[in-house]
Amino acid sequence: MSRYGVGPYPLRLTTPTKSLVFGGRAIARRLGKRGLPDRSVAETWECSDVTGSESFVESGPLAGRTLRRVLIDHPEEVMGAGWSGRYFPLLTKFIDATGALPVHLHADDEAARRLEGQHNGKTEAWHILDAAPGATALCGVRDGVTPDRLRAALEAQDFDAVLRRLPVRAGETVYVPGGTPHTFGPDTLVYEIEQTSDIQQHAMRWRMEDGSTVGDAEFDANLDMLMQQVDMASRPEFTPGLGVAVGDGVDRVFLSAGPHFALERWRAGTAEPLRRSFATGQVLSNVGSTVHVRTGGHSEQLGPAQTFLLPAVCGEVEIRGPADVLFGYLPDLARDVRGPLREAGYPPDAIARLGAC
(Lines give C-alpha, C1' and ligand atoms only; values in the text may rest on other atoms or scores of the structure.)
Protein backbone atom coordinates (compact mmCIF):
# COMPACT_ATOMS: atom_id res chain seq x y z
CA MET A 1 0.00 0.00 0.00
CA SER A 2 2.21 2.63 -1.45
CA ARG A 3 1.17 5.73 0.49
CA TYR A 4 2.84 4.34 3.60
CA GLY A 5 5.66 2.61 1.70
CA VAL A 6 4.54 -0.88 2.61
CA GLY A 7 3.61 -3.94 0.58
CA PRO A 8 0.37 -5.95 0.72
CA TYR A 9 -0.34 -7.86 3.91
CA PRO A 10 -3.32 -9.37 5.73
CA LEU A 11 -5.10 -6.88 7.96
CA ARG A 12 -5.94 -8.19 11.42
CA LEU A 13 -8.89 -6.17 12.71
CA THR A 14 -10.39 -5.39 16.09
CA THR A 15 -13.81 -6.95 16.63
CA PRO A 16 -16.43 -4.86 18.44
CA THR A 17 -18.65 -7.02 20.65
CA LYS A 18 -22.35 -6.69 21.47
CA SER A 19 -23.72 -7.97 24.80
CA LEU A 20 -27.39 -8.31 23.88
CA VAL A 21 -29.94 -10.27 25.88
CA PHE A 22 -30.04 -13.29 23.56
CA GLY A 23 -26.30 -13.97 23.77
CA GLY A 24 -24.28 -16.50 25.72
CA ARG A 25 -20.73 -17.89 25.70
CA ALA A 26 -20.84 -20.07 22.57
CA ILE A 27 -18.50 -17.92 20.48
CA ALA A 28 -15.76 -18.51 23.03
CA ARG A 29 -16.66 -22.02 24.19
CA ARG A 30 -17.78 -23.64 20.94
CA LEU A 31 -15.75 -21.70 18.38
CA GLY A 32 -12.70 -21.11 20.57
CA LYS A 33 -12.47 -17.35 20.08
CA ARG A 34 -10.10 -15.75 22.56
CA GLY A 35 -10.02 -12.28 24.08
CA LEU A 36 -13.76 -11.89 24.64
CA PRO A 37 -15.20 -10.21 27.74
CA ASP A 38 -15.98 -12.52 30.66
CA ARG A 39 -19.73 -12.16 30.16
CA SER A 40 -22.41 -13.14 27.68
CA VAL A 41 -21.59 -11.99 24.15
CA ALA A 42 -24.30 -12.04 21.49
CA GLU A 43 -22.25 -10.80 18.52
CA THR A 44 -18.68 -10.16 17.47
CA TRP A 45 -18.44 -7.80 14.51
CA GLU A 46 -15.52 -9.34 12.67
CA CYS A 47 -15.17 -6.75 9.92
CA SER A 48 -17.13 -3.56 10.46
CA ASP A 49 -17.26 -0.08 8.99
CA VAL A 50 -20.53 0.81 10.77
CA THR A 51 -20.20 4.26 12.31
CA GLY A 52 -19.69 3.90 16.06
CA SER A 53 -18.67 0.25 15.77
CA GLU A 54 -15.70 0.50 13.42
CA SER A 55 -12.93 -2.07 13.18
CA PHE A 56 -9.36 -0.85 13.59
CA VAL A 57 -6.24 -2.43 12.10
CA GLU A 58 -4.37 -4.12 14.94
CA SER A 59 -0.88 -4.70 13.53
CA GLY A 60 1.59 -3.80 10.82
CA PRO A 61 2.26 -0.41 9.20
CA LEU A 62 -1.44 0.51 9.19
CA ALA A 63 -2.01 -0.30 12.88
CA GLY A 64 -4.36 2.08 14.66
CA ARG A 65 -6.17 3.21 11.53
CA THR A 66 -9.86 2.54 11.09
CA LEU A 67 -11.00 0.30 8.27
CA ARG A 68 -12.68 3.35 6.75
CA ARG A 69 -9.44 5.35 6.80
CA VAL A 70 -7.56 2.52 5.13
CA LEU A 71 -10.22 2.27 2.46
CA ILE A 72 -10.26 6.02 1.81
CA ASP A 73 -6.48 6.05 1.43
CA HIS A 74 -6.22 2.83 -0.61
CA PRO A 75 -9.57 2.12 -2.33
CA GLU A 76 -8.35 0.07 -5.28
CA GLU A 77 -5.63 -1.69 -3.32
CA VAL A 78 -8.20 -2.91 -0.79
CA MET A 79 -11.22 -3.51 -3.03
CA GLY A 80 -9.83 -3.97 -6.53
CA ALA A 81 -9.39 -2.03 -9.77
CA GLY A 82 -12.01 0.62 -10.47
CA TRP A 83 -13.63 0.51 -7.04
CA SER A 84 -14.75 3.66 -5.26
CA GLY A 85 -17.00 4.11 -2.27
CA ARG A 86 -17.49 5.93 1.01
CA TYR A 87 -17.07 2.93 3.30
CA PHE A 88 -16.27 -0.78 3.34
CA PRO A 89 -19.38 -2.48 1.89
CA LEU A 90 -19.43 -5.69 3.97
CA LEU A 91 -20.26 -6.34 7.61
CA THR A 92 -19.51 -9.81 9.00
CA LYS A 93 -20.42 -11.24 12.41
CA PHE A 94 -20.40 -14.30 14.60
CA ILE A 95 -23.81 -14.44 16.32
CA ASP A 96 -24.58 -16.49 19.42
CA ALA A 97 -28.33 -17.03 19.60
CA THR A 98 -28.34 -18.86 22.92
CA GLY A 99 -31.74 -17.21 23.20
CA ALA A 100 -34.03 -16.17 20.37
CA LEU A 101 -33.36 -12.93 18.55
CA PRO A 102 -36.21 -10.40 18.43
CA VAL A 103 -38.51 -10.57 15.42
CA HIS A 104 -37.34 -7.75 13.19
CA LEU A 105 -36.50 -6.70 9.65
CA HIS A 106 -34.01 -4.49 7.86
CA ALA A 107 -35.00 -2.07 5.13
CA ASP A 108 -34.02 -2.79 1.56
CA ASP A 109 -32.04 -0.16 -0.37
CA GLU A 110 -35.06 1.74 -1.63
CA ALA A 111 -36.82 1.87 1.74
CA ALA A 112 -33.59 2.81 3.51
CA ARG A 113 -33.17 5.84 1.27
CA ARG A 114 -36.84 6.83 1.35
CA LEU A 115 -37.68 6.21 5.00
CA GLU A 116 -34.43 6.01 6.96
CA GLY A 117 -32.26 8.63 5.24
CA GLN A 118 -29.60 5.98 4.68
CA HIS A 119 -27.50 5.30 1.57
CA ASN A 120 -28.35 1.58 1.58
CA GLY A 121 -30.40 -1.02 3.38
CA LYS A 122 -29.34 -4.38 4.73
CA THR A 123 -29.66 -7.63 2.87
CA GLU A 124 -27.90 -10.45 4.73
CA ALA A 125 -27.14 -14.17 4.73
CA TRP A 126 -26.88 -16.57 7.68
CA HIS A 127 -24.52 -19.51 7.53
CA ILE A 128 -25.40 -21.95 10.30
CA LEU A 129 -22.30 -23.13 12.18
CA ASP A 130 -24.13 -25.09 14.86
CA ALA A 131 -27.72 -25.65 15.91
CA ALA A 132 -29.46 -27.81 18.47
CA PRO A 133 -31.68 -30.65 17.21
CA GLY A 134 -35.05 -29.20 16.28
CA ALA A 135 -33.76 -25.63 15.99
CA THR A 136 -35.89 -23.34 13.81
CA ALA A 137 -35.99 -19.84 12.37
CA LEU A 138 -38.79 -17.52 11.38
CA CYS A 139 -38.11 -16.06 7.95
CA GLY A 140 -40.60 -14.36 5.67
CA VAL A 141 -44.37 -13.87 5.68
CA ARG A 142 -46.62 -16.86 5.00
CA ASP A 143 -48.26 -17.03 1.60
CA GLY A 144 -51.77 -15.57 1.64
CA VAL A 145 -51.26 -13.33 4.69
CA THR A 146 -52.57 -9.80 4.13
CA PRO A 147 -50.90 -6.66 5.52
CA ASP A 148 -53.80 -6.13 7.93
CA ARG A 149 -53.52 -9.68 9.25
CA LEU A 150 -49.75 -9.32 9.60
CA ARG A 151 -50.11 -6.11 11.58
CA ALA A 152 -52.73 -7.63 13.88
CA ALA A 153 -50.61 -10.72 14.56
CA LEU A 154 -47.53 -8.62 15.31
CA GLU A 155 -49.56 -6.52 17.72
CA ALA A 156 -50.66 -9.73 19.45
CA GLN A 157 -47.10 -11.14 19.32
CA ASP A 158 -48.55 -14.20 17.54
CA PHE A 159 -45.65 -14.62 15.14
CA ASP A 160 -46.25 -18.21 14.06
CA ALA A 161 -49.68 -17.26 12.77
CA VAL A 162 -48.15 -15.13 10.00
CA LEU A 163 -44.44 -15.94 9.64
CA ARG A 164 -42.82 -19.04 8.09
CA ARG A 165 -41.02 -21.32 10.56
CA LEU A 166 -38.14 -23.18 8.90
CA PRO A 167 -35.88 -25.98 10.17
CA VAL A 168 -32.28 -24.94 10.86
CA ARG A 169 -29.37 -27.31 10.24
CA ALA A 170 -25.62 -26.82 10.63
CA GLY A 171 -23.91 -26.25 7.29
CA GLU A 172 -26.89 -24.63 5.58
CA THR A 173 -27.24 -21.01 4.52
CA VAL A 174 -30.13 -18.66 3.79
CA TYR A 175 -30.04 -15.41 1.80
CA VAL A 176 -32.36 -12.88 3.49
CA PRO A 177 -33.29 -9.85 1.37
CA GLY A 178 -34.01 -6.51 3.00
CA GLY A 179 -37.66 -6.25 4.02
CA THR A 180 -37.90 -9.87 5.23
CA PRO A 181 -39.20 -10.30 8.83
CA HIS A 182 -37.02 -12.81 10.64
CA THR A 183 -35.51 -14.26 13.78
CA PHE A 184 -33.50 -17.34 14.75
CA GLY A 185 -32.56 -19.11 17.96
CA PRO A 186 -32.43 -20.38 20.59
CA ASP A 187 -29.34 -22.63 20.61
CA THR A 188 -28.09 -21.48 17.20
CA LEU A 189 -24.61 -20.28 16.22
CA VAL A 190 -24.37 -18.25 13.01
CA TYR A 191 -21.86 -16.52 10.78
CA GLU A 192 -23.59 -13.57 9.15
CA ILE A 193 -22.54 -11.49 6.15
CA GLU A 194 -24.50 -8.40 5.18
CA GLN A 195 -24.46 -4.94 3.75
CA THR A 196 -22.79 -2.36 5.96
CA SER A 197 -25.73 -1.00 7.93
CA ASP A 198 -27.25 -1.15 11.40
CA ILE A 199 -30.82 -0.09 10.55
CA GLN A 200 -33.60 -2.33 11.81
CA GLN A 201 -37.25 -2.29 12.81
CA HIS A 202 -38.41 -4.50 15.68
CA ALA A 203 -41.75 -6.16 16.32
CA MET A 204 -41.12 -6.93 20.00
CA ARG A 205 -42.37 -5.43 23.24
CA TRP A 206 -38.87 -5.72 24.74
CA ARG A 207 -35.49 -4.23 23.91
CA MET A 208 -32.71 -6.55 22.80
CA GLU A 209 -30.11 -4.43 24.60
CA ASP A 210 -31.41 -5.10 28.12
CA GLY A 211 -34.81 -6.79 27.92
CA SER A 212 -36.68 -3.73 29.19
CA THR A 213 -40.26 -3.12 28.12
CA VAL A 214 -41.11 -1.05 25.05
CA GLY A 215 -43.96 1.34 25.77
CA ASP A 216 -47.20 1.31 23.76
CA ALA A 217 -46.54 4.51 21.79
CA GLU A 218 -43.03 3.42 20.80
CA PHE A 219 -44.25 -0.08 19.96
CA ASP A 220 -46.97 1.29 17.67
CA ALA A 221 -44.46 3.59 15.96
CA ASN A 222 -42.08 0.67 15.44
CA LEU A 223 -44.83 -1.39 13.82
CA ASP A 224 -45.86 1.55 11.63
CA MET A 225 -42.33 1.78 10.25
CA LEU A 226 -41.96 -1.99 9.94
CA MET A 227 -45.17 -2.24 7.90
CA GLN A 228 -43.90 0.43 5.51
CA GLN A 229 -40.71 -1.57 4.94
CA VAL A 230 -41.93 -5.18 4.88
CA ASP A 231 -41.66 -7.25 1.70
CA MET A 232 -44.73 -9.47 1.86
CA ALA A 233 -43.47 -11.69 -1.00
CA SER A 234 -39.97 -12.52 0.34
CA ARG A 235 -39.83 -16.22 1.30
CA PRO A 236 -36.18 -17.32 1.56
CA GLU A 237 -35.15 -20.96 1.75
CA PHE A 238 -32.11 -22.61 3.32
CA THR A 239 -29.66 -24.28 0.95
CA PRO A 240 -26.66 -26.59 1.51
CA GLY A 241 -24.70 -24.62 -1.08
CA LEU A 242 -22.98 -25.74 -4.27
CA GLY A 243 -19.69 -27.61 -3.94
CA VAL A 244 -16.72 -27.63 -6.30
CA ALA A 245 -13.65 -29.85 -5.82
CA VAL A 246 -10.52 -27.78 -6.41
CA GLY A 247 -7.70 -30.08 -5.33
CA ASP A 248 -6.66 -33.19 -3.48
CA GLY A 249 -8.76 -32.95 -0.34
CA VAL A 250 -9.62 -29.29 -1.00
CA ASP A 251 -13.33 -28.45 -1.27
CA ARG A 252 -14.99 -25.15 -2.17
CA VAL A 253 -18.68 -24.56 -1.39
CA PHE A 254 -20.57 -21.51 -2.65
CA LEU A 255 -22.93 -20.72 0.23
CA SER A 256 -24.69 -17.54 -0.86
CA ALA A 257 -24.33 -14.89 -3.55
CA GLY A 258 -25.97 -11.71 -4.75
CA PRO A 259 -25.02 -8.21 -5.83
CA HIS A 260 -24.13 -7.13 -2.27
CA PHE A 261 -21.92 -10.04 -1.19
CA ALA A 262 -20.85 -13.61 -1.78
CA LEU A 263 -19.87 -16.17 0.85
CA GLU A 264 -17.87 -19.37 0.35
CA ARG A 265 -16.64 -22.10 2.70
CA TRP A 266 -13.37 -23.84 1.92
CA ARG A 267 -12.00 -26.95 3.61
CA ALA A 268 -8.62 -28.57 3.12
CA GLY A 269 -6.89 -31.64 4.46
CA THR A 270 -3.13 -32.13 4.49
CA ALA A 271 -2.50 -33.54 1.00
CA GLU A 272 -2.17 -30.08 -0.51
CA PRO A 273 -2.80 -26.53 0.73
CA LEU A 274 -5.82 -24.42 -0.03
CA ARG A 275 -4.91 -21.90 -2.73
CA ARG A 276 -7.25 -19.10 -3.77
CA SER A 277 -6.73 -16.25 -6.22
CA PHE A 278 -8.88 -13.12 -6.04
CA ALA A 279 -9.34 -9.71 -7.61
CA THR A 280 -11.34 -8.06 -4.82
CA GLY A 281 -10.86 -7.74 -1.06
CA GLN A 282 -11.60 -10.90 0.92
CA VAL A 283 -12.91 -11.19 4.49
CA LEU A 284 -11.29 -14.43 5.69
CA SER A 285 -12.81 -15.92 8.87
CA ASN A 286 -11.56 -19.12 10.48
CA VAL A 287 -14.24 -21.55 11.70
CA GLY A 288 -11.79 -24.39 12.42
CA SER A 289 -8.53 -24.81 14.27
CA THR A 290 -5.52 -22.48 13.95
CA VAL A 291 -4.16 -22.18 10.41
CA HIS A 292 -1.13 -20.60 8.74
CA VAL A 293 -2.08 -17.98 6.15
CA ARG A 294 0.43 -16.92 3.49
CA THR A 295 -0.38 -13.95 1.26
CA GLY A 296 1.50 -11.05 -0.29
CA GLY A 297 4.80 -12.43 0.96
CA HIS A 298 3.56 -12.49 4.56
CA SER A 299 2.80 -15.53 6.71
CA GLU A 300 0.69 -15.31 9.87
CA GLN A 301 -1.36 -17.55 12.10
CA LEU A 302 -5.13 -17.17 12.17
CA GLY A 303 -6.70 -18.62 15.30
CA PRO A 304 -10.18 -20.07 15.81
CA ALA A 305 -13.00 -17.59 15.10
CA GLN A 306 -10.50 -14.91 14.06
CA THR A 307 -10.65 -12.81 10.89
CA PHE A 308 -8.29 -11.22 8.38
CA LEU A 309 -9.13 -8.72 5.68
CA LEU A 310 -7.07 -9.70 2.64
CA PRO A 311 -6.67 -6.61 0.40
CA ALA A 312 -7.22 -7.15 -3.31
CA VAL A 313 -3.60 -6.20 -3.97
CA CYS A 314 -2.52 -9.46 -2.27
CA GLY A 315 -4.02 -11.32 -5.23
CA GLU A 316 -3.80 -14.82 -3.77
CA VAL A 317 -3.68 -16.71 -0.50
CA GLU A 318 -2.35 -20.09 0.58
CA ILE A 319 -3.60 -21.84 3.71
CA ARG A 320 -2.15 -25.13 4.90
CA GLY A 321 -4.59 -27.68 6.26
CA PRO A 322 -6.33 -29.00 8.04
CA ALA A 323 -8.37 -25.87 7.39
CA ASP A 324 -12.01 -24.79 7.56
CA VAL A 325 -12.47 -21.15 6.56
CA LEU A 326 -14.99 -18.71 5.13
CA PHE A 327 -14.37 -16.13 2.41
CA GLY A 328 -16.75 -13.17 2.11
CA TYR A 329 -16.39 -10.62 -0.67
CA LEU A 330 -18.10 -8.16 -2.98
CA PRO A 331 -18.45 -10.22 -6.16
CA ASP A 332 -18.42 -9.72 -9.86
CA LEU A 333 -21.23 -12.26 -10.15
CA ALA A 334 -20.44 -13.35 -13.70
CA ARG A 335 -16.73 -13.81 -13.03
CA ASP A 336 -16.69 -14.97 -9.42
CA VAL A 337 -19.89 -17.01 -9.06
CA ARG A 338 -21.82 -17.87 -12.21
CA GLY A 339 -18.73 -18.66 -14.29
CA PRO A 340 -17.11 -21.19 -11.91
CA LEU A 341 -20.42 -22.86 -11.11
CA ARG A 342 -21.44 -23.23 -14.75
CA GLU A 343 -18.02 -24.71 -15.51
CA ALA A 344 -18.70 -27.20 -12.71
CA GLY A 345 -21.95 -28.21 -14.44
CA TYR A 346 -24.55 -26.42 -12.31
CA PRO A 347 -27.67 -25.20 -14.15
CA PRO A 348 -28.88 -21.60 -13.82
CA ASP A 349 -31.82 -22.51 -11.56
CA ALA A 350 -29.48 -24.17 -9.01
CA ILE A 351 -27.18 -21.13 -9.04
CA ALA A 352 -30.15 -18.79 -8.57
CA ARG A 353 -31.07 -20.54 -5.30
CA LEU A 354 -27.90 -19.12 -3.70
CA GLY A 355 -29.55 -15.70 -3.55
CA ALA A 356 -29.96 -12.94 -6.10
CA CYS A 357 -27.39 -14.06 -8.66
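What do the square roots of 5 times the Cα gyration tensor eigenvalues come to for the stretch 156-219, in whole Å, largest first, as semi-axes of the equivalent ellipsoid? Before the final figure, lay out the partial values.
Values: eigenvalues 108, 50, 34 Å².
Gyration-tensor ellipsoid for the stretch 156-219: 23, 16, 13 Å.
List the aspartates and glutamates whose Cα lies under 14 Å from the Cα of residue 33, skipping any in the same chain that are fewer than 8 positions away.
The reachable aspartates and glutamates, counting only those whose Cα sits under 14 Å from residue 33, are 43, 46, 96.
Under 5 Å between amide hydrogens, which residues at least 5 positions from residue 123 or on another chain qualify, with H placed 1.01 Å from N in the peptide plane?
178, 195
Let me cross-check residue 36: its accessible surface, 1.4 Å probe, with only protein heavy atoms counted, in Å² to the nearest 10?
Its accessible surface works out to 40 Å², give or take rounding.
Work out, step by step, the length gained on full extension between residue 156 and residue 335: first 0.36 nm times the residue separation, then minus their alpha carbon distance; give nm to one decimal.
Gain on stretching residue 156 to residue 335: 59.7 nm.
If R₀ is 35 angstrom, what is the calculated FRET efficiency for the pair residue 316 and residue 25, using the beta carbon separation as r and rounding to 0.05?
Values: r = 36 Å, r/R0 = 1.04.
Plugging the Cβ-Cβ distance into 1/(1 + (r/R0)^6) gives 0.45.
Between Rg and the Kirkwood Rh of the stretch 193-280, both from Cα atoms, what is the Rg to Rh ratio? Please list the in-between numbers first.
Details: Rg = 20.6 Å, Rh = 17.3 Å.
Taking Rg over the Kirkwood Rh, I get 1.19.
Averaging the inverse of every distinct alpha carbon separation and then flipping it gives the Kirkwood radius. What is it for the stretch 100-153, in angstrom units?
Values: mean 1/r = 0.0713 Å⁻¹.
Hydrodynamic radius (Kirkwood, Cα only) of the stretch 100-153 equals 14.0 Å.
Show me the three semi-axes of the equivalent ellipsoid for the chain, from the C-alpha gyration tensor (sqrt of 5 times each eigenvalue), largest first, rounded to whole Å. Intermediate results must be reported in sequence, preceding the final value.
Numbers: eigenvalues 219, 99, 82 Å².
With the √(5λ) rule applied to the chain, the semi-axes are 33, 22, 20 Å.
Stokes-Einstein at 37 °C, 0.692 mPa s, Kirkwood radius from Cα pairs: D for the stretch 219-267 in µm² s⁻¹? Can you show the working numbers first?
On the way: Rh = 14.0 Å.
Stokes-Einstein gives a translational diffusion coefficient of 234 µm²/s.
Using every pair of alpha-carbon atoms in the stretch 8-62, split the distances into 5 Å bins beginning at 0 and state the percent of pairs per bin, rounded to integers.
4, 19, 24, 21, 18, 9, 4, 1
Run the quick spin-label model on residue 352 and residue 289: label points 7 Å from Cα toward the beta carbon, then report their separation in nm to one decimal.
My value for the distance between the label points is 4.3 nm.
Given a 1.4 angstrom probe, I'd like the percentage of the accessible area of the chain that is carbon and sulfur, rounded to a whole number.
On the way: 6680 of 14180 Å².
Here carbon and sulfur together make up 47 percent of the probe-accessible area.
On the full set of protein chains, 1.4 Å probe, figure out the accessible area of residue 314 and give it in Å² to the nearest 10.
20 Å²
7 Å from Cα along Cα→Cβ at both residue 272 and residue 83: what's the point-to-point distance in nm?
Each label point is offset 7 Å from its Cα along the Cβ direction, giving 2.8 nm.
Determine Rg/Rh for the stretch 1-132; Rg is computed over alpha-carbon atoms and Rh is the Kirkwood hydrodynamic estimate from the same atoms. Don't skip to the end; give the middle numbers.
Numbers: Rg = 16.9 Å, Rh = 16.8 Å.
Reported Rg/Rh (Cα atoms, Kirkwood Rh): 1.01.
For the chain, what does the helix formula give at 222 nm: sum of -39500 (n - 2.57) over DSSP H segments with n ≥ 4, over the residue count, nearest 500 deg cm²/dmol?
Working: 7 runs with 49 residues, N = 357.
Result for the chain, helices only: -3500 deg cm²/dmol.
Relative to the present Cα-Cα distance, how much length would full extension add between residue 342 and residue 53 at 0.36 nm per residue of separation?
On the way: separation 289, 0.36 × 289 = 104.04 nm, distance 3.86 nm.
Fully extending the segment from residue 342 to residue 53 adds 100.2 nm.
Given the Cα-Cα distance of residue 220 and residue 169 and 0.36 nm per residue of separation, how much length would full extension add, in nm? Don't skip to the end; give the middle numbers.
On the way: separation 51, 0.36 × 51 = 18.36 nm, distance 3.44 nm.
The span from residue 220 to residue 169 would gain 14.9 nm if fully extended.
Based on Cα positions only, what radius of gyration and what Dmax would you give for the stretch 304-357, in angstroms?
13.9, 35
Using a 1.4 Å probe and counting only protein heavy atoms, arrange 329, 87 so the residue with the most accessible area comes first. Write out the running numbers ahead of the final one.
Numbers: 329 5, 87 45 Å².
So the residues, ranked largest to smallest area, are 87, 329.
Per residue, how big is the convex hull of the stretch 242-351 when only Cα atoms are used? Give it in Å³. Don't jump to the answer; show the numbers that get you there.
Values: hull volume 9.8 nm³, N = 110.
Taking the convex hull of the Cα positions in the stretch 242-351, it is 89 Å³ per residue.
How big is the Rg/Rh ratio for the stretch 135-190, C-alpha atoms only, Rh by Kirkwood, two decimals? Don't skip to the answer; put the middle values down first.
Values: Rg = 12.1 Å, Rh = 12.1 Å.
Checking Rg against Rh, the ratio lands at 0.99.
The values are calculated or read from the model by the stated rules, or taken from the named source; none is laboratory data. Worth saying up front: this structure is predicted, and the values here are computed from it rather than measured. Note that we place each Cβ from the backbone using ideal geometry, even for glycine, and neighbour counts take in every protein chain shown. We work out accessible area using only protein heavy atoms, side chains counted, and drop any ligands, DNA or RNA first. Shrake-Rupley method; radii C 1.70, N 1.55, O 1.52, S 1.80 Å.
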